[in-house]
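Colleague: Structure incoming, see below.
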Amino acid sequence: MDPYRLPRTVVPSRYDIRLEPDLTAFAFTGTETVTVSVVESVTEIWVNAVDLSVTAVSVTNARGESQRGSATAEPATERYRLAFATPLAPGEWRLEIAFTGTLNDKLRGFYRSTYKDATGVPHMLAATQFEATDARRAFPCWDEPDFKAVFASTLAIDPAMTAVSNTAIVSERIERGKKVVAFADTITMSTYLVAYVVGELEATAAVTVGSTPLRVWCVPGKRRLAAFGQAIGAASLAFFEEYYGLPYPGDKLDLLAIPDFAAGAMENLGAITFRETALLVDEAQATHGELERVADVVAHENAHMWFGDLVTMSWWNGIWLNEAFATFMEMLAVDAWKPQWRRWTSFGVSRAAAFVVDGLHATRPIEFPVNAPREADAMFDVLTYEKGASVLRMLEQYLGADVFRQGVRDYLRTHRFGNADTGDLWSALGHASGQPIPAVMDGWIFSPGYPLVSARREGNELVLSQQRFAYLKAAPESAGGAWGERPPAPPQTSIWKIPIQLRIDADGTRVLLEGTEHRVKLPGGFRKALVNAGGHGFYRVRYAPDLLEALVSRLDALEPIERFNLVNDAWAAVMAGLMPVTDYLDLTARFRDERDRNVWSAIMGSLLALNRVIAPAERPGLEALVRDRVSPALAALGWTPRPAEDELTRQLRGDLLRALGTLGNDAATQARAAELYAAHEKKQTEVDANVLPALIAICATAGDEARYHEFLERFRRAVTPQEEQRYLYALTAFRQPALIDETLARTVNGEIRTQDAPFVNRSMLMAVHARERAWAFVKSHWDAMDGMYPKHALRRMAEGVIGLATPALEHDVQEFFTSRKIDLGGKQLAQYLEQLRIAVALAEREGAALSRALARFA
Ligand SMILES: [Zn+2]
């Protein structure tokens, strides 16, 4: 029997579930009646269940035939075998199961979350997180996405508490001292989308979108932070009803902020759960970046209500389509809601993250065959979300937005309440566009990597050629992935069908680069050519020097996303050994007048990476270079916003200040930041919301022990999730070894939530002042962390080893993972180790030239 797939001899159509959680004993009891169709005569029924005790089993059919069964756990495959003495005849049966389980603290299945109220008193709530395969920790079920069924849930809870599930409440009564809350039937849907939240919750008033009441839920005292999330919730819900051409599939929509939450959010139909930072925010006190995050996550989850919930992937190999599509739709919806945010420009930053991983030998195709659901755990990464969304955007731009939307509408209408695969979407888009979609898309989806398009001029022709982009000529010999379950190698291509948008002088044109080379005739008087005009292509561009100079000499003629790509592609060329680092540093000097925060983030990201590979003696030189590049832009902006200044400019000011005061180590900026922060604390002056977090970061960078304890206190007493995060991450920025050790200790002693602690460690591993101590700490606490942290967060923590970019540390990292035989799932570890190799190789290759260049600034 396939250890990962249940037999199809018995198929569920409806679950009537009753759960009774006990928040003081961390346990629950449950009963369920599952209406099943027996396809062929059987004596056993297999269901998924893990960490549950099945206490009674019986079956009944319409003829009144009834018998008890026996239940045997098979923990290795997370199943129970339910056996019956008399064979069950084909037809409909009601399967009744009684069971018990624990409310765990691992943030998966049915789990407990704790929080303190304003007076410091601890409280507890219970919540669920089922994707991918943890519904089986809450009730026995057919826990595969294509066993769709109707769920009718009842929760018996403490009368002082509130219960929320996927649908509206149909009845509520008191029974033996318990409040018994019954919920309406759900649509036919997958188990991983079922949700329960029980606690002392408060909600906003509902806003109605179409016919759907939409509310935001949180723990008591935080309702004042719900308005912004509710606003984008309502706006994106209306946007999607219009875009998809189908009404919202549920009977209500609740957005719930959960104090402990492993991921960012989860698209349970009608009961979307979020970590608090992704939903609750004080609009007046938040930065643009913090608001954008809330808008993104809410819109993303709402997009899933159709794409994922109404139409669901058949198996976990399809998770990319689910996530890539929701990420793409999140951009569309946020861009429609706040066009002034220019969301597709900042998507360049996300796309760049996917470029980094996909440029590795240890990358993977977006879609690959999945047997064990566990293999899909490693799919929740930048390749699924960001590369996936990027190639969908490229396709949308290629087909045209209206044609693309028509294909999506047809796809949803055809497959609603059912399951579908990538091929089904391609066929709907092919039908709408009259184009052979798989021929264009398969290379992007089923092959790893992406092309580097080189552009050069030959006489009156522009010559475009392609090759696969790689940072290293050959895969490094390293430990990563040696023990991981490797997906079978897919057929690989190094030739893509690339829809290329060109701008030759002022004229836009489109070519499909299908082979290794394509020639475009240039007009008389030709001056310049931009490849990837509009910036949506998932490929990098390398220009011949004369073509590059023509673009750089008129940067103001490019869109922000085009300038972003220019910088980002140039930096990638440096990392790949295709461009001298000194040329790149010269290039950054051309951007002193830059006013787009994304372009600056590409520049600052590259300088931070350099900071991790240079020797300590060279650091003053790099700091001086940062000051040289950033100061003119900041001087032009000033420290305080001008009247009617837009939100992006305000955020840019905060970003530049932070760069100057931290990486630039600018003493004057640090002194002024401390003064301004003190004045703000005494309420003598008002500091712009986008500037305040920069002041906090700068004060921490330059701070002493007294400042550390002041910020620690602020972290503990924070009144918004964003404020809590600012002070938490400020604790990672102090330079003193004793303070670094204090913060590290707090990541394993329960003071920092397990949803945050791995990310705190990650940021200390990435920071030159803290990385050696952080690495020693992580090594010695690995087992404890492995036991405490959510699995995917542990993986993200391990990503911090990329920051350990010295030969000695790299050697030690290899040694640790090899000797401990650590498996992070998929190719994640191999990806981290390859990125570390690339960084150290940069220093080996360019160290001397870099040292000379930086010495000029010191
Ligand atoms: Zn998603």
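Colleague: Could you list, in sequence order, all residues of segment 651-679 that are within 20 Å of A718 (Cβ to Cβ) and out of contact with any helix residue (DSSP H, G or I) (no Cβ under 7 Å at 6 or more places or on another chain)?
Modeller: A678
Colleague: Sticking with this one: Looking only at segment 246-276, how many residues end up being open to solvent by less than 10 Å² (accessible area, probe 1.4 Å) and either within 15 Å of the ligand (Cβ to nearest atom) or out of contact with any Lys or Arg (no Cβ under 8 Å at 6 or more places or on another chain) (or both)?
Modeller: Qualifying residue count, segment 246-276: 11.
Colleague: Right, another one. Among S350, S346, which is the only one that is more than 14 Å from the ligand (Cβ to nearest atom), small (G, A, S) and in a helix (DSSP H, G or I)?
Modeller: Details: S350 fails: more than 14 Å from the ligand (Cβ to nearest atom).
Just one listed residue meets the conditions, S346.
Colleague: Here is a further query. Looking at I740, I752 in this structure, which one is over 23 Å from the mean Cα position of the chain (by Cα) and either on the phi > 0 side of the Ramachandran plot or of a type in the set (V, I, T) (or both)?
Modeller: Of I740, I752, the one residue that is over 23 Å from the mean Cα position of the chain (by Cα) and either on the phi > 0 side of the Ramachandran plot or of a type in the set (V, I, T) (or both) is I740.
Colleague: Separate question: Does segment 354-374 include one or more residues that are under 21 Å from N598 (Cα atoms), in contact with a Ser or Thr (Cβ under 7 Å, 6 or more places away or on another chain), open to solvent by less than 30 Å² (accessible area, probe 1.4 Å) and touching a residue at least 24 places away in the same chain (Cβ under 8 Å)?
Modeller: Yes, because at least one residue in segment 354-374 is under 21 Å from N598 (Cα atoms), in contact with a Ser or Thr (Cβ under 7 Å, 6 or more places away or on another chain), open to solvent by less than 30 Å² (accessible area, probe 1.4 Å) and touching a residue at least 24 places away in the same chain (Cβ under 8 Å).
Colleague: I'd like the full set of residues that are surrounded by fewer than 17 Cβ atoms within 10 Å (Cβ to Cβ) and more than 20 Å from A576 (Cβ to Cβ), limited to segment 823-856.
Modeller: Those that are surrounded by fewer than 17 Cβ atoms within 10 Å (Cβ to Cβ) and more than 20 Å from A576 (Cβ to Cβ): D823, S851, R852, A855, R856.
Colleague: Determine whether V687 is modelled with pLDDT of 95 or more and either over 29 Å from E618 (Cα atoms) or surrounded by fewer than 17 Cβ atoms within 10 Å (Cβ to Cβ) (or both).
Modeller: yes
Colleague: Give the residues of segment 278-299 that are within 16 Å of the ligand (Cβ to nearest atom), assigned to a helix (DSSP H, G or I) and open to solvent by less than 10 Å² (accessible area, probe 1.4 Å), sorted by residue number.
Modeller: First, pick out the residues of segment 278-299 that are within 16 Å of the ligand (Cβ to nearest atom): 278-279, 293-299.
Adding the requirement that they be assigned to a helix (DSSP H, G or I) leaves 278, 293-299.
The answer is A278, V294, A295, V298, A299.
Colleague: Just for segment 690-721: of the residues that are among the β-branched types (V, I, T) and surrounded by fewer than 20 Cβ atoms within 10 Å (Cβ to Cβ), which one is modelled with the highest pLDDT?
Modeller: So, considering only residues that are among the β-branched types (V, I, T) and surrounded by fewer than 20 Cβ atoms within 10 Å (Cβ to Cβ), the one modelled with the highest pLDDT is T720.
Colleague: Going by what's in this entry, would A615 be described as touching a residue at least 12 places away in the same chain (Cβ under 8 Å), surrounded by fewer than 15 Cβ atoms within 10 Å (Cβ to Cβ) and under 28 Å from W344 (Cβ atoms)?
Modeller: Here the answer is no, as A615 does not meet what is asked.
Colleague: Same structure again: Could you please find all residues in segment 301-317 being open to solvent by less than 10 Å² (accessible area, probe 1.4 Å), assigned to a helix (DSSP H, G or I) and closer than 19 Å to P369 by Cα?
Modeller: Listed by number, the list holds a single entry, W316.
Colleague: In segment 637-666, which residue that is part of a helix (DSSP H, G or I), touching a residue at least 24 places away in the same chain (Cβ under 8 Å) and aliphatic (A, V, I, L, M) is most open to solvent (accessible area, probe 1.4 Å)?
Modeller: Per the criteria, the residue is L648.
Colleague: If you don't mind, there's one more thing I want to ask. Within segment 93-110, how many residues turn out to be buried (at least 17 other Cβ atoms within 10 Å of the Cβ), out of contact with any Phe, Trp or Tyr (no Cβ under 6 Å at 6 or more places or on another chain) and either free of Cβ contacts under 8 Å to residues at least 24 places away in the same chain or not in a strand (DSSP E or B) (or both)?
Modeller: Adding up the residues that qualify gives 3.
Colleague: Turning to a different aspect of this structure: Residues that are free of Cβ contacts under 8 Å to residues at least 40 places away in the same chain and closer than 29 Å to D16 by Cβ, at least 2 per element: which strands (runs of 3 or more DSSP E) completely within segment 174-273 meet that?
Modeller: 178-183
Colleague: Kindly indicate whether any position in segment 151-166 is crowded, with 24+ Cβ neighbours inside 10 Å and either among the β-branched types (V, I, T) or modelled with pLDDT under 95 (or both).
Modeller: Among the residues of segment 151-166, at least one is crowded, with 24+ Cβ neighbours inside 10 Å and either among the β-branched types (V, I, T) or modelled with pLDDT under 95 (or both), which makes the answer yes.
The values are calculated or read from the model by the stated rules, or taken from the named source; none is laboratory data. Fair warning: this is a prediction, and the values are worked out from it, not measured in the lab. A quick note on method: Cβ atoms are made from the backbone with ideal geometry, for glycine too, and the neighbour counts reach across all protein chains shown. With ligands, DNA and RNA removed, areas are computed over all heavy atoms of the protein, side chains included. Shrake-Rupley method; radii C 1.70, N 1.55, O 1.52, S 1.80 Å.
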